[in-house]
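The values are calculated or read from the model by the stated rules, or taken from the named source; none is laboratory data. Just so you know, these numbers come straight off a predicted model, no measurement behind them. Don't worry about glycine lacking a Cβ; one is built from the backbone with ideal geometry, like all the others, and counts go over all protein chains shown. The area values use the complete protein model at the heavy-atom level, side chains included, leaving out ligands, DNA and RNA. Shrake-Rupley method; radii C 1.70, N 1.55, O 1.52, S 1.80 Å.
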Amino acid sequence: MKTILTITGSDSTGGSGVQADIRTIAALGGYAVSAVTSITVQNTLGIQAFHDLPADIVKGQIEAIINDVQPDTVKVGMIRTTETLAVVVDALLKYRPHHIIYDPIVTASNGDRLMTDDVVRQIRQRLLPLCSMVILREGEAERLFDCTSLKGQGNGRVRSLVLDDPMQHGLINSFSSALAVYLSQNEPMGQAIEHARKYVRTLVARKSDLSGRSSQLYNEFLEAVQKHYRTNRDVAFYADCLNVSPRYLSQVAHRISGKSPKSIIDHTLTEALACQLRTTQKTIQEIAYEHGFASQAQFSKFFRKQTGMAPSGWRKASNGSSKASPSKASPPAPLRMERGVITDRD
């Protein structure tokens, strides 16, 4: 059983990063050892934050493994700092593994750049010339690495392979790990690439991406807002009701509706207040107390902020006209549920 060292970041979802490397290497009969470079705050909605481990910790991980186990195949993935790059390059130059596969993690799934221009430039100058193969995503080769897509052929400087097939999250990561395994088994590069492609095709056939509960949670959030908007406008209250963090609730709301939970709550309340002003003879003070405001002044301040008009002005403007609208553009109409599917209101 051949040992393969992966030097990369951690993916909390397990779809990519060191978790996926270990899974792929083990599935193909190799033994995975690892050095983690970065820890992500990540879920099915994407990456929210990074913690790049100190370079000396990364160096310590690499040296501890290489000195003891001496893997002759190394796969390199996420490197985000010049300091980490320096210790990785130094280790590769010192220990000279037989195969070095580099799978650059340049952009997140949402398109955010994960490397600075300085890191990219130093990777091009220092790391790429050491690699047996560089696996690139379509659109990144010329723009970021000055590598030509050679479909597995060498150009005298950097041997690179551009994968232009649309792939699910983590599949290019799995391809690179599989390639490392096959190379460690002394397969020629062309044969190893073909075997790695076949392995990834089997993953596509059976892969079921981890999916979160964002759509279900969003619908539950809308239901909770309809139930509690009169008495509570605090996002943390709704997050507690749904047993999630306010941060996750905010991610879900932004992903599905493009709006924050607070704006959804406030819009729901504003619609109810406007309806009361337009269709009842209740005083503004009565409406304020009925909807949880401590005073008429607090209600007026909130309503003016949302609509651009004072409650009394809104009532006068809308009196006798069902088509009256505030001077300030209202948010889009709220969403309703239809058989559990989020749809625009007719």
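Taking a Cβ cut-off of under 14 Å around Asp90, the surrounding Lys, Arg, Asp and Glu residues balance to a net charge of +1, with basic ones at +1 and acidic ones at -1. Taking label positions 7 Å along the Cα-Cβ direction at both Ala49 and Lys227, the computed distance is 3.0 nm, reported to one decimal.
Taking Lys and Arg as +1 and Asp and Glu as -1, the other residues whose beta-carbon sits under 13 Å from that of Leu249 total +2. Ranking of Ile47, Ile100 by solvent-accessible surface, largest first: Ile47, Ile100 (1.4 Å probe, protein heavy atoms only, all chains present).
Taking the Cα of Tyr95, stepping 7 Å toward and past its beta carbon, and measuring to each backbone N in segment 20-53: which are under 14 Å? The answer is 32-37, whose backbone nitrogens lie closer than 14 Å to the label point. Spin-label model, Asp117/Lys262: points 7 Å from Cα along the beta carbon direction are separated by 3.5 nm. Here Glu83 and Ala272 are evaluated by their C-beta separation; at R0 = 56 Å the FRET efficiency comes out at 0.55. Between Glu286 and His254, the distance separating the two model label sites (each 7 Å from Cα on the Cα→Cβ line) works out to 4.2 nm. Please compare each pair in Lys259/Lys305; Lys259/Lys282; Lys262/Lys305; Lys2/Lys75 to a cut-off of 23 Å on the Cα-Cα distance and tell me which ones are over it. Distance filter (> 23 Å) returns Lys259/Lys282.
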